[in-house]
Amino acid sequence: MPPFVFSAKIGTRLVKRILVDTGADSNILFRGAFDKLGLRHDNLQTHRNGVTGIGDNFLKPDGSIVLPLTIGTGNQKKTILSEFVVFKDSTAYNVILGRKTINDLSAVIFTKFLLMKFTTEDGSIGIIHGDREIAVECDNTSLALQKRFCDVASIFLADLDARQDGQLDRNQRETWRNYK
C-alpha cells in the first residue's frame with residue numbers, strides 16, 4: 001500500500017509531494033521547498049525543541065515558521081495556520097504533515113483508497129485523492145536514499161574500528177570490558 005501523498009497550497013504556492021504521517025508530532029518543511037516558496041532564513045523562529053528525531057537519526061532544525069495551509073479547491077477547501085519545522089536535509093517529500101494538522105483540518109484518512117475527507121470552511125465534506133503514482137515514486141526514492149545512508153553509515157562505522165591488525169590495545173580492552 002503506497003503512502004498518502006497529495007498536493008496543497010502552502011503560503012501562496014502549490015506544493016506537491018506532501019506526505020501525511022499520522023505518527024508524526026510535527027509538520028516538517030524541507031529546505032528545498034522552503035526556498036522555492038520564496039521564504040528567507042530571517043522568516044524563521046527558533047524552534048522550541050532543539051533536536052528532533054526522524055527515524056533513527058537526530059537532526060537539529062533550522063527553525064520553525066507558521067504558514068497558511070489550504071487543502072481542496074473552490075468551495076471544497078479549508079485553510080488553517082500551521083507550524084512547520086524546517087530542516088535543511090532533503091527527502092523524496094517536500095513536506096510531512098503530522099497528526100496535529102490532520103486533527104486541525106478535521107480530516108479522516110482512508111489509506112486503502114488513498115482518500116482524505118475533511119470539513120470545509122462552509123461545513124460540508126471535502127475530498128482529496130492521494131496521488132498513487134507520485135506516492136510510489138517517492139516511496140522508491142526514500143528507500144534508495146535510506147539504503148545509501150545505511151551503506152555510508154556502515155562504511156563510516158567500519159572506519160572507526162579502534163583495533164589495529166585485529167587487536168585491541170590494553171586501554172581499549174579495559175574500556176571494552178567496562179562497557180560490557
When residues of region 107-136 are limited to those that are touching a helix residue (DSSP H, G or I) at 6+ places or on another chain (Cβ under 9 Å) and without any contact (Cβ under 8 Å) to a residue 40 or more places away in the chain, the one farthest from LEU69 (Cα to Cα): VAL108
Count of residues meeting criterion [farther than 19 Å from PHE4 by Cα and of a type in the set (Phe, Trp, Tyr)] in region 76-131: 1
Residue that is nearest to ILE80 (Cα to Cα), among those in region 99-134 that are hydrophobic (A, V, I, L, M, F, W, C) and loosely packed, with under 12 Cβ neighbours inside 10 Å: ILE125
Subset of region 17-44 [over 12 Å from the mean Cα position of the chain (by Cα) and more than 14 Å from SER90 (Cβ to Cβ)]: LEU37, GLY38, LEU39, ARG40, HIS41, ASP42, ASN43, LEU44
Contacts under 9 angstrom Cβ, first residue in region 12-36 being over 26 Å from PHE110 (Cα atoms) and charged (D, E, K, R), partner modelled with pLDDT of 95 or more and crowded, with 16+ Cβ neighbours inside 10 Å, 6 or more apart: LYS36/VAL15
Residue count, region 70-99 (criterion: under 17 Å from LEU29 (Cβ atoms) and assigned to a loop (DSSP other than H, G, I, E, B)): 8
Checklist (1) modelled with pLDDT of 95 or more; (2) touching a helix residue (DSSP H, G or I) at 6+ places or on another chain (Cβ under 8 Å); (3) among the small types (Gly, Ala, Ser) applied to ALA8, failing item: (2)
Among residues of region 1-25, those that are part of a loop (DSSP other than H, G, I, E, B) and closer than 12 Å to ILE65 by Cα, counted: 1
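The values are calculated or read from the model by the stated rules, or taken from the named source; none is laboratory data. This is a predicted model, so every value here is computed, not measured. With ideal geometry, Cβ positions are generated from the backbone for all residues, glycine too; neighbour counts draw on all protein chains shown.
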